[in-house]
Each structure stands twice: as C-alpha cells, then as structure tokens.
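Down below is the structure, laid out as structure tokens.
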Amino acid sequence: MKIGVEINGTTFAGEVEPRALLSDFIRHQAGLTGTHVGCEHGVCGACTIQLDGEPVRSCLMLAVQAHGRAILTVEGLAGPDGELTALQRAFTEHHALQCGFCTAGFLISADALLRRGRAGPISETEIREELAGNLCRCTGYEGIIAAVRAIAQERGS
C-alpha cells in the first residue's frame, strides 16, 4: 500500500505491507531512529510518538493508519539548528537520563503534557500519571519527574 505521512514537518511517502508497523516505517523508511522499539507490545513506551499531537505507541499502530496524518518524533523536538528545547535541557540538568533508551518516549509524552492548554499548575501526580506508560530501568524516575516539573513551573503550568 502507498502511504504519505508528515513526520516532523517533512512528508515521507512509501510503499508498505498492510501489516507493517508504524515504528518500522519511522525507523526504516523515514530513517528516524530516535523512536526506539523495546517490547513491541505497547508496554515500555520507548516507541512513543505524537500522532496529531497526542502520544501513541508506534509499535501498536500500522503504518497505513498514519496515512495523511502528522507525526512528531524525538528528532522533531529540537530546533532547526539542533538546539535542545528547554525540556531536553532539563532532562540533562536533572539527571533524567542514563542509558537513553527510554528517553525519547519520556520526552514525547512530557512534551504532549506540557503543550496542553490548561489552567493552573500541573501536579506531580498528574506528571506521574502522564508518564506512567513509559518504563525506565536506569534512573528511578525522580530526575525525570523533577525535569518535567521544573519546565511546568517555568511555564507557569
């Protein structure tokens, strides 16, 4: 099947098998390897992307389901010259990454939370709930939560 998908503002077109996973299309046809594949069951969150602004597990979607839609991957978070976003810098400052395998999923999920228009501050409980679908075996989560909380406070949300 022929599909066309906007990924990080660039259109990628290609032919895929009807059963091809979106994570495989992103990694192998679009060449964007920041989206990691871990469990392939939607449990670990390493393959999380934003589809039309909402975080989804790309290993649970078929590539054909994304036809005509907009995707944001971790590569799309950085600025045009590769400068890190405030959220990415906060992950470094708060020691929120170690091996880095889960980092893309956490960043994409946190970015979606921080982009949502809302009144009032984001609580630590809300941050933990939003990120609950992402697993990390290295950090113990405290640095990740601290990084997201710092940016939320900085933005007044």
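Quick note: the coordinates plus some simple rules give every number you see, no bench work behind them. This structure is a prediction, so every number in the text was calculated from the model and none was measured. Neighbour counts are summed over all protein chains in view; Cβ atoms, including those assigned to glycine, are modelled from backbone coordinates with ideal geometry.
Backbone amide hydrogens, once placed in the peptide plane, bring residue 48 within less than 5 Å of 58, 105, excluding anything fewer than 5 places away on its chain.
Under a model in which nothing but the beta-carbon of Lys, Arg (+1) and Asp, Glu (-1) is charged, the chain shows a dipole of about 160 debye around its Cα centre.
For segment 2-76, the relative contact order works out to 40 percent when only alpha carbon pairs closer than 8 Å and six or more residues apart are counted. Of 99, 18, 112, whose Cα points farthest to the positive end of the dipole of the chain (charges on the beta-carbon: +1 Lys, Arg; -1 Asp, Glu; origin at the Cα centre)? The Cα lying farthest towards the positive end belongs to 18.
Look at the alpha carbon pairs under 8 Å that are at least 6 residues apart: their mean separation over the length of the chain gives a relative contact order of 24 percent.
Across segment 73-80, computed HN-Hα scalar couplings (Karplus, 6.51 cos²θ - 1.76 cosθ + 1.60, θ = phi - 60°) run 10, 4, 5, x, 6, 5, x, x Hz from first to last residue, x flagging Gly and Pro. Round to the nearest 0.05 the FRET efficiency obtained for residue 1 and residue 39 when R0 = 30 Å and r is the Cβ-Cβ distance. Result of the calculation: an efficiency of 0.70. Using a cutoff of 8 angstrom between alpha carbon atoms and counting only pairs six or more residues apart, the relative contact order for segment 86-154 works out to 54 percent. Pairwise Cα separations in the chain fall into 10 Å bins from 0 onward with the following percentages, short to long: 11, 41, 33, 13, 1. Taking 18 Å as the cut-off, the amide N atoms of segment 116-157 that come nearer than this to a point 7 Å along the Cα-to-beta-carbon line of residue 95 belong to 136-150. Less than 5 angstrom separates the built amide H of residue 69 from those of 6, all sequence-distant by 5 or more or on a different chain.
Taken one residue at a time, the phi angles of segment 55-71 give Karplus couplings (6.51, -1.76, 1.60, θ = phi - 60°) of x, 9, 8, 6, 7, 9, 10, 7, 4, 5, 5, 8, 3, x, 10, 10, 10 Hz. Gly and Pro are set to x.
Placing a label point 7 Å from the Cα of residue 13 along the Cα-to-Cβ direction, the residues of segment 53-73 with a backbone N closer than 16 Å are 67-69.
How big is the gap, in Å, between the Cα center of segment 1-53 and the Cα center of segment 101-157? What the calculation gives is 23 Å, centre to centre. If you take all other residues with their beta carbon under 12 Å from the beta carbon of residue 46, and give Lys and Arg +1 and Asp and Glu -1, the sum is +2.
This model, with +1 at the C-beta of Lys and Arg and -1 at the C-beta of Asp and Glu, gives segment 24-83 a dipole about its Cα centre of some 200 debye.
What does the charge dipole of segment 104-157 about its Cα centre add up to, to the nearest 20 debye, if the Cβ of each Lys and Arg holds +1 and the Cβ of each Asp and Glu holds -1?
Here the size comes out at about 120 debye.
Proximity of backbone amide H atoms, modeled 1.01 Å from N, is registered between residue 21 and 63 at under 5 Å, excluding neighbours fewer than 5 places apart on the same chain. The modelled label-to-label distance for the pair residue 126/residue 85, using points 7 Å beyond Cα in the direction of Cβ, is 1.7 nm.
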